[in-house]
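Read through the structure below, which is laid out as C-alpha cells, and then see the notes.
The values are calculated or read from the model by the stated rules, or taken from the named source; none is laboratory data. All values reported here derive from a predicted model rather than from experimental measurement. FYI the Cβ positions are ideal-geometry reconstructions off the backbone, even for glycines, and counts take in every protein chain you see. Side chains included, ligands, DNA and RNA excluded: accessible areas come from the protein's heavy atoms. Shrake-Rupley method; radii C 1.70, N 1.55, O 1.52, S 1.80 Å.
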Amino acid sequence: MLVAALTVPAQAVTYGTPTIALSASYLSGAVGATGDPVVNVTVGQSGADASALTVSASASSKASVAGTGDVSVTGTGAVRQLAVAARGRGYTNLTVKVTGLGGKTATKTLSYAASAAVQNPADARYLTGSADASAAVDVGGGYAVVADDESNVLRLYDRSRSGAPVKTWDFSSQLGVSKEVDIEGATRIGNTVYWTGSLGNNKDGEYKAPRNTVFTTTVSGSGAGAQLTYGRSYKKLRDDLVAWDTANGNRYGFAAGTAEGEAPKQIDGFNVEGLEFAPGSTTTAYLGFRAPLAPVVPGGKALIVPVTNFDQVLASGAKATFGAGVELDLGGLSVRDIRKNAAGQYLILAGSWAADDNSDPYALYQWDGVPGHAPVKRADLPTTDPGGWEAIVEVPDLTAPGARVQLITDSGSADLYGDGTEAKDLTHAEWKKARTAWFTLG
C-alpha cells in the first residue's frame, strides 16, 4: 500500500517595523574639512539580521549646503556611520532612512550645519560642544583638557580628531560659584593644573566676584583615561594686584582699570589671559595681561607680572607677592596665552587687547622667560578665519626645523553658519565649536 507524502507549506516570516536611532540629532561640519564628526545610525528589525537592512540618507531641504550625493553611510550590522561632506555654508535637514525586509521602512531627520572653509583645512579640527575655548593643557596620549570662558566646564578632547569631548568636569559647586569664572589661562606643574579667571570686570564694566578666582585641579592618568579632581582656590588675586600697583605709584593703572564701569578689554583695562611659571621655578608664576597696554604700559609693550609665591597662594591662601613687571615688545600686541616646554622655551600667543578683534593681527613669539630679554617673532597667524586665536596646547622643541604648534580659537562671537547668530548663542551644543589648527614656526 502506497502512502502519499504530505507537503507542509513553509510558514511565512513576519517582519516588524524597522527601528532607527541617531547618536545625535544635530551635526556640524565645515566646507573642505578633513575628519569631520560622524553620526552613528543604529538600526534593527524583528525577524531580520541587522546586516540585511539598508541605510540611506538624502537631502530634504537646502542642497546647496549638502546634497544627497554629499552624504555617505558606511559599515554593516546594527550600527552604521553617517558622514557629510559640506558643499556650502549654512543649514540643511537630511532624511536618514532604513529599509528592512518585507519592504518596511523607518526614517529620522538629522539637522546639519556647515561653517565656511578655512585656510589649510587639512590642519584644522573642530572641538564641538563649546565655542568659547580659552585655555588648554596637554594631558598626554594625544589628549588635552580645554577650558571655556563662558562656563566652568572643563572638557577632555582628542587633539587629533574633530568631535565632542570624551569627558567633562564642572567644578562650580566646589568653587562655590554659580556664574562663570571666566577661565582664561592655565598651566601644569607635575600633576597639578593651575587655572586663572580673567580677574577683570565683565564686558559691561561690572565687578563679578567669580572672575576673581584662581584654582587648581589634580590630574590622574593620561590620554582618554585622564581624570581631574578639584584642589584649592584663591579669590583675592585681583585685590592683591591692585594693592601692589597702587603701592608702586600706579605704574600700570590697575586701580583705574578695575573701577566700576570700566570694561576689561580696552587699552587701559584690566584683563589676564596668560599663566605660566618662570624659568626653573615651581613657585613664581607669570600672569600675562591682555590689557592694559599702551599708553598705560610705557612704549606700548605687553605686560607680564610675576607672582613670586603662586604655589603658596593656592596651597595655603597666602597673600600674593609680586616681582617687577616684565614689559615685552610684541609689536603692539598683548599676551593672549603663554606656555613653555620642558626645555624652558617659551611661546607667546600675541593678539589685540580689543574686544572685537577677530580681524586684528595675531602672532607667535619665542622667548626665554628672562626679564629684559627680547622675544622673537616666529610666525604671523591668519586673521580671516572665524574666531580669535586664544590658546596654545603645548610647546614643541623650538630649535627643531619645521616645529609645529597647535592653537585653539575662541569662536564664541563668530557667525559660523551665516545667519547672524554668534556661536555661543546657538541653541544646540553640537553646533557650537572651536577650531584647532597646527602652524609651522618660521
Candidate set from the range 188-197 (those that are without any contact (Cβ under 8 Å) to a residue 60 or more places away in the chain and open to solvent by less than 50 Å² (accessible area, probe 1.4 Å)); member that is farthest from residue 268 (Cα to Cα)
192
Residue selected from the range 222-260 under the condition out of contact with any strand residue (DSSP E or B) (no Cβ under 9 Å at 6 or more places or on another chain) and at positive phi, by the criterion least open to solvent (accessible area, probe 1.4 Å):
253
If you check every pair at least six apart or on different chains, which have Cβ atoms under 9 Å apart with a residue in the range 64-92 that is on the phi > 0 side of the Ramachandran plot first and a residue that is in a loop (DSSP other than H, G, I, E, B) and hydrophobic (A, V, I, L, M, F, W, C) second?
90/65
Positions within the range 276-297 being open to solvent by 40 Å² or more (accessible area, probe 1.4 Å) and farther than 25 Å from residue 205 by Cβ, in sequence order
279, 280, 282, 283
Which numbered condition residue 379 fails, given (1) in contact (Cβ under 8 Å) with a residue 60 or more places away in the chain; (2) under 23 Å from residue 121 (Cβ atoms); (3) part of a loop (DSSP other than H, G, I, E, B):
(3)
So, of the residues in the range 94-133 that are assigned to a strand (DSSP E or B) and open to solvent by 60 Å² or more (accessible area, probe 1.4 Å), which turns out to be nearest to residue 197 (Cα to Cα)?
109
When you check residue 219 against the structure, is it surrounded by fewer than 20 Cβ atoms within 10 Å (Cβ to Cβ), touching a residue at least 60 places away in the same chain (Cβ under 8 Å) and closer than 25 Å to residue 406 by Cα, yes or no?
yes
Within the range 301-335, the count of residues that are within 19 Å of residue 364 (Cβ to Cβ) and open to solvent by less than 30 Å² (accessible area, probe 1.4 Å) comes to 9
Here are 140, 200, 185, 205: which of them is within 18 Å of residue 392 (Cβ to Cβ), assigned to a loop (DSSP other than H, G, I, E, B) and either of a type outside the set (Ser, Thr, Tyr) or open to solvent by 10 Å² or more (accessible area, probe 1.4 Å) (or both)?
140
Return yes when residue 158 is surrounded by 18 or more Cβ atoms within 10 Å (Cβ to Cβ) and either among the hydroxyl-bearing types (Ser, Thr, Tyr) or more than 21 Å from residue 348 (Cα to Cα) (or both) and no when it is not.
yes
Looking at the range 382-405, which of the residues that are under 17 Å from residue 288 (Cβ atoms) and open to solvent by 10 Å² or more (accessible area, probe 1.4 Å) is nearest to the chain's Cα centre (by Cα)?
394
Do the conditions hold for residue 268, that is, is it out of contact with any helix residue (DSSP H, G or I) (no Cβ under 7 Å at 6 or more places or on another chain), open to solvent by 40 Å² or more (accessible area, probe 1.4 Å) and among the charged types (D, E, K, R)?
no
Between 88, 47, 35, which is at pLDDT below 95, under 30 Å from the mean Cα position of the chain (by Cα) and in a loop (DSSP other than H, G, I, E, B)?
35
Filter the range 389-442 down to the residues that are charged (D, E, K, R) and within 28 Å of residue 26 (Cα to Cα) and list them by number.
390, 410, 415, 419, 422, 424, 425, 430, 432, 433, 435
Counting only residues in the range 57-91 that are small (Gly, Ala, Ser) and either within 20 Å of residue 16 (Cβ to Cβ) or touching a Cys at 6+ places or on another chain (Cβ under 8 Å) (or both), the one least open to solvent (accessible area, probe 1.4 Å) is identified as 77
